[in-house]
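Take a look at the structure set out below.
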Amino acid sequence: MSTSPPAPAGSVRLGRVATVPVYLDRTWLILAVLVAFQGYRAGSVNGPTYGVAYAAWLVVSILVAVLGHEVGHALSARRLGFHVHQVVATVWGGHTSYDATGATPGRTAVVALAGPFVNAVLAAVGLGVGWSQDGDIGQFAWSFGLLNALLAVFNLLPGLPLDGGAALQSLVWAVTGRRDLGLLVAGWIGRLVAVGIVVWFLVLPLLRGDTPQLFDLLIGLVMAWVLWSGATAGLHRAKVERLFDTVRVGDAAAAVTVLPPETPLAVAREHPAYVLVADDTGRPTLLLRRVPLDAPATTPVGALVERLPDANVLEAEPGDELGRPLRAMAESGVEVVVLTRGGAPWGLLVPAGIDAAAGRTRRRT
């Protein structure tokens with residue numbers, strides 16, 4: 001069972017869409033100010049009043065475009081059976097948090113492309129109204145359509161963390177059967193896209209003999225940094241996915257011994273494996289791990305054990321993937337998982353065992 005992330009600190013809850021909470025993060029105000037500044041600068045050529053109206057319209061437009069994009073991700077993920085936690089608009093645009101357990105290449109691609117699809121629909125509506133109407137209504141609608149068209153095209157660039165990068169990752173995953181390879185390809189292309197942003201905003205103006213505008217340069221550098229960071233995160237995730245693909249629970253599990261709670265500590269120390277003690281309900285959730293050096297040898301092990309969360313006791317087979325145990329560790333904050341078969345413990349997972357198994361796998365490959 002997944003745990004929903006908390007609402008962003010200082011965020012404003014705008015409501016729900018299909019039971020999914022939608023938040024406006026306080027950092028989004030930075031984006032709103034920047035957009036308003038640019039909108040006023042562009043619109044004020046027609047007078048201060050028009051400039052203020054155009055600035056306000058652009059702020060509303062980008063909020064609708066960003067939330068529409070993220071709601072597209074959220075609704076498609078829900079439709080495919082994923083548990084969606086929340087939608088948040090931030091200074092970087094926005095993000096949709098959902099539990100991707102059970103993801104496949106096709107489902108991942110659908111969720112990724114749903115966002116740009118919504119922007120494309122909004123762009124068609126805006127441009128259509130702009131084409132058919134004259135005056136301020138036509139101009140405002142045209143700007144709304146153009147904004148959504150730009151967001152759709154930009155997000156379809158084939159590099160992580162953009163949606164086009166997620167779609168490319170899914171394609172490589174589907175063709176090769178390796179999710180980690182998809183992340184590697186899309187991550188490296190994402191880094192190239194980040195470099196391309198720098199070239200567009202800085203290098204090309206210099207080659208033309210122009211001086212880059214400070215505002216445009218800052219926006220370009222921030223965009224490049226965000227893309228580079230997201231692509232790098234994708235490359236790091238590739239290593240984890242490779243671990244999932246190559247290491248199984250049985251490769252990393254340590255042996256475990258179950259003893260009655262009245263067993264003397266001296267007897268427990270004769271067992272080289274981890275020692276478990278069942279609780280009052282019979283569940284193996286009591287682990288003998290940190291024993292005081294001065295503990296008498298006659299001390300019952302039941303007095304020295306620590307309780308593990310129930311979620312950290314999992315039914316698993318040696319050939320199972322590491323995904324569920326690792327999620328249990330992450331969600332509970334306890335880096336120990338007891339592996340059971342038919343309720344009987346047969347092994348125990350700790351980070352050291354997982355790292356050792358991963359090291360053996362790397363040496364073999």
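The values are calculated or read from the model by the stated rules, or taken from the named source; none is laboratory data. On a predicted model such as this, the values are computed, not experimentally measured, just so you know. Cβ atoms come from the backbone with ideal geometry, glycine included; neighbour counts cover every protein chain shown. Calculation scope for accessible area: heavy atoms of the full protein, side chains included, ligands and nucleic acids excluded. Shrake-Rupley method; radii C 1.70, N 1.55, O 1.52, S 1.80 Å.
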Report task. Mind listing the long-range amide H neighbours of V258? Cut-off is under 5 Å, sequence gap 5 or more, other chains count too, H placed in the peptide plane at 1.01 Å from N. Result -> L276
**Report entry** Point-to-point label distance, T101-T232, nm (Cα→Cβ direction, 7 Å offset)
**Finding:** 3.2 nm
Query raised in the report: Given a cut-off of under 8 Å on Cα pairs at least six residues apart, what relative contact order in percent is computed for the chain?
Result: 10 percent
Query raised in the report: Tell me, what ³J(HN,Hα) does each residue in the range 193-201 have, in order and in whole Hz, if you take phi through Karplus 6.51 cos²θ - 1.76 cosθ + 1.60 with θ = phi - 60° and put x for Gly and Pro?
Result: 4, 4, 5, x, 4, 5, 4, 5, 8
Report summary line: In cubic angstrom per residue, the convex hull of the range 33-128 built on its Cα atoms measures 97 Å³
**Report entry** Estimated dipole of the range 147-272 in Debye, rounded to 20 [Cβ of Lys and Arg +1, of Asp and Glu -1, Cα centre]
**Finding:** 220 debye
Query - For the range 159-169, 3J(HN,Hα) per residue [Karplus equation, 6.51 cos²θ - 1.76 cosθ + 1.60, θ = phi - 60°, Hz, x = Gly/Pro] - result: x, 5, x, 6, 5, x, x, 5, 5, 5, 4
Query raised in the report: Heavy-atom accessible area of E270 with all protein chains present, probe 1.4 Å, nearest 10 Å²?
Result: 140 Å²
Query raised in the report: What list of ³J(HN,Hα) values in whole Hz, one per residue of the range 15-27 in order, does the Karplus curve 6.51 cos²θ - 1.76 cosθ + 1.60 (θ = phi - 60°) give from phi, with Gly and Pro shown as x?
Result: x, 10, 10, 6, 6, 8, x, 10, 10, 10, 6, 4, 5
Report task. Hey, can you grab everything whose amide H is under 5 Å from the amide H of G159? Only 5+ residues off in sequence or another chain; H modelled, so Pro and N-termini drop out. Result -> G164, G165
**Report entry** Whole-Å distance, taken between Cα centres, linking the range 46-123 and the range 220-271
**Finding:** 32 Å
Requested in this report: Mind listing the long-range amide H neighbours of R289? Cut-off is under 5 Å, sequence gap 5 or more, other chains count too, H placed in the peptide plane at 1.01 Å from N.
Outcome: E306
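Given a 1.4 Å probe and heavy atoms of the protein chains only, how would you sort S61, S132, S44, largest accessible area at the top?
S132, S44, S61
Using a 1.4 angstrom probe with every protein chain in place, what is the largest-first accessible-area order of W131, W173?
Heavy-atom accessible area, descending, gives W131, W173.
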